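Colleague: Just dropping this structure here.
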Amino acid sequence: GPDGPVFPEPRPAARDYTPRAYNPATRQLTIDFVTGHGGPATEWAEMAGPGAIVGVGGPRGSLIVPTAFQNHLLIGDETALPAIARRLEELPAT
């Protein structure tokens, strides 16, 4: 709407995820996330099939991590693995 997002009532559950990749030519957005620990994303993913609908909003104000550092240390639990994988893919091979 003119004043921002308009949600149906009751407002659907929402979570933040790091996009793994986006291809503007095909308009394909890839988001990886861990399932098995419960929650709205797990429930949606376990029931989703071709043509399933998901709302996407953003980007939020996120930090662009410089790649010029000599070393990088990435730490997270299993739910952070998709974001860590994306970061590793974006780093130079050196």
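The values are calculated or read from the model by the stated rules, or taken from the named source; none is laboratory data. If you're wondering where the values come from, they're calculated on a predicted model, not measured in any experiment. Neighbour counts run over all protein chains shown; Cβ positions are idealised from the backbone, glycine included.
Colleague: Kindly indicate whether residue 79 is touching a Leu at 6+ places or on another chain (Cβ under 8 Å), among the β-branched types (Val, Ile, Thr) and surrounded by 10 or more Cβ atoms within 10 Å (Cβ to Cβ). Quick ask: steps written out before the conclusion?
Modeller: On the way: touching a Leu at 6+ places or on another chain (Cβ under 8 Å): no; among the β-branched types (Val, Ile, Thr): yes; surrounded by 10 or more Cβ atoms within 10 Å (Cβ to Cβ): yes.
So residue 79 fails the test.
Colleague: Right, here's the next one. Which condition from (1) in contact with a Phe, Trp or Tyr (Cβ under 6 Å, 6 or more places away or on another chain); (2) in a helix (DSSP H, G or I); (3) not β-branched (Val, Ile, Thr) is the one that residue 33 breaks?
Modeller: Single failed check for residue 33: (2).
Colleague: Of everything in the stretch 25-50, what is surrounded by fewer than 10 Cβ atoms within 10 Å (Cβ to Cβ) and of a type in the set (S, T, N, Q)? Give them in sequence order.
Modeller: 26, 28
Colleague: Given the conditions (1) in a helix (DSSP H, G or I); (2) among the hydrophobic types (A, V, I, L, M, F, W, C); (3) at pLDDT 85 or above, report the number of the one that residue 83 does not fulfil.
Modeller: Result: residue 83 passes all but (3).
Colleague: If you don't mind, another one. Exactly one condition in (1) assigned to a loop (DSSP other than H, G, I, E, B); (2) farther than 14 Å from residue 19 by Cβ is false for residue 42; which is it?
Modeller: Every listed condition holds for residue 42 apart from (1).
Colleague: Does residue 12 meet the test of being surrounded by fewer than 10 Cβ atoms within 10 Å (Cβ to Cβ) and either under 30 Å from residue 93 (Cβ atoms) or touching a residue at least 40 places away in the same chain (Cβ under 8 Å) (or both)? Before the answer, list the steps.
Modeller: On the way: surrounded by fewer than 10 Cβ atoms within 10 Å (Cβ to Cβ): no; either under 30 Å from residue 93 (Cβ atoms) or touching a residue at least 40 places away in the same chain (Cβ under 8 Å) (or both): yes.
No; evaluated as a whole, the condition is false for this residue.
Colleague: Looking at the stretch 45-65 only, could you name the residues that are modelled with pLDDT of 80 or more and either under 27 Å from residue 93 (Cα atoms) or not in a loop (DSSP other than H, G, I, E, B) (or both)?
Modeller: Once the filter is applied, which keeps residues that are modelled with pLDDT of 80 or more and either under 27 Å from residue 93 (Cα atoms) or not in a loop (DSSP other than H, G, I, E, B) (or both), the stretch 45-65 yields 45, 46, 47.
Colleague: Also: Kindly provide the set of residues from the stretch 69-94 that are closer than 18 Å to residue 20 by Cβ and of a type in the set (Ser, Thr, Tyr), ordered by number.
Modeller: The one that is closer than 18 Å to residue 20 by Cβ and of a type in the set (Ser, Thr, Tyr): 79.
Colleague: Please name all residue pairs, on different chains or six or more residues apart, with Cβ atoms under 8 Å, provided the first residue is in the stretch 31-47 and is more than 19 Å from residue 11 (Cα to Cα) and of a type in the set (A, V, I, L, M, F, W, C) and the second residue is assigned to a loop (DSSP other than H, G, I, E, B) and at pLDDT 80 or above.
Modeller: 31/19; 31/20
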